[in-house]
């Protein structure tokens with residue numbers, strides 16, 4: 001079973017706040033490259049960073065990161 | 001609007017890729033030419049291709065380190081050729097870039113020292129040994145500082161680059177040794193192995209960065 005990069009709605013939420021990648025990076029304490037890599041599905045953030053993102057935007061982690069996987073019955 | 005976007009991307013392409021490549025190519029050529037010229041003179045008939053390649057690779061590390069170090073020390077200048085959005089981004093990454101550039105400088109000098117070491121070269125064996133150890137250790141400490149100052153993406157890239165470097169070394173070095181064992185190709189000299197580590201480590205960094213989209217021109 002493979003674990004590819006997750007699709008995410010980070011850019012959607014960031015742009016909804018009118019923030020640049022630099023502004024979001026500053027608020028999260030990471031580099032702009034990290035924000036760019038997450039938004040372009042080149043990098044899945046760590047769990048602590050994903051939790052920070054969800055807190056910052058006031059949404060749940062599954063609302064930010066979309067995973068189609070379903071457990072077998 | 002479309003014209004503006006296109007011209008901005010063309011400017012970025014020129015400033016962040018074409019100009020640095022030309023400047024790096026010229027600097028690399030000058031360093032390589034200087035090293036070969038010096039070594040042919042200093043070594044006479046003892047000059048070997050292996051030592052010259054090692055010194056050129058060490059020089060390549062120096063050229064890259066100087067480019068990154070100058071750009072990090074002067075963000076206003078660095079934003080013109082480093083692959084960043086602006087000078088502020090360089091300031092944000094300054095600790096990582098400066099430590100990384102310093103580490104590459106020390107490692108580059110270490111390889112050059114070893115390439116110039118006795119018995120064939122002009123640097124006495126003990127001096128070359130002590131210098132190389134000090135430079136490797138100090139460079140590794142600086143690289144560790146750079147790693148510790150990195151955020152999670154850069155830390156992940158460093159770890160992935162280590163994996164690619166291991167795979168590359170095993171594949172290239174291992175394949176060559178299979179050929180050498182079967183007497184199909186000559187065995188690598190010790191200095192060739194050191195050069196291989198340097199080249200593979202550099203290539204691995206580019207591969208890991210590229211896979212995360214970090215080489216896309218800004």
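Where a number appears in this text, it was derived from the coordinates with a stated rule and is not lab data. Computed from a predicted structure; not experimentally measured. Quick reminder, even Gly has a Cβ in these numbers, built from the backbone with ideal geometry, and neighbours come from all protein chains shown.
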Exercise. Does segment B:80-91 include one or more residues that are more than 14 Å from chain A (Cβ to nearest Cβ), in a helix (DSSP H, G or I) and crowded, with 18+ Cβ neighbours inside 10 Å?
Worked result: no
Exercise. Quick one: what pairs do we get from segment B:16-40, first residue free of Cβ contacts under 8 Å to residues at least 60 places away in the same chain, second surrounded by fewer than 13 Cβ atoms within 10 Å (Cβ to Cβ) and in a helix (DSSP H, G or I), C-beta under 9 Å, 6+ apart or different chains?
Worked result: none
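Among the residues in segment A:48-68, are any more than 8 Å from every other protein chain (Cβ to nearest Cβ), closer than 23 Å to residue B:216 by Cα and in contact (Cβ under 8 Å) with a residue 24 or more places away in the chain? It would help to see each step written out before you state the result.
Quick first cut of segment A:48-68, residues more than 8 Å from every other protein chain (Cβ to nearest Cβ) only: A:48, A:50-68.
After this cut, where a residue has to be closer than 23 Å to residue B:216 by Cα as well, the list is none.
Scanning segment A:48-68 turns up no residue that is more than 8 Å from every other protein chain (Cβ to nearest Cβ), closer than 23 Å to residue B:216 by Cα and in contact (Cβ under 8 Å) with a residue 24 or more places away in the chain.
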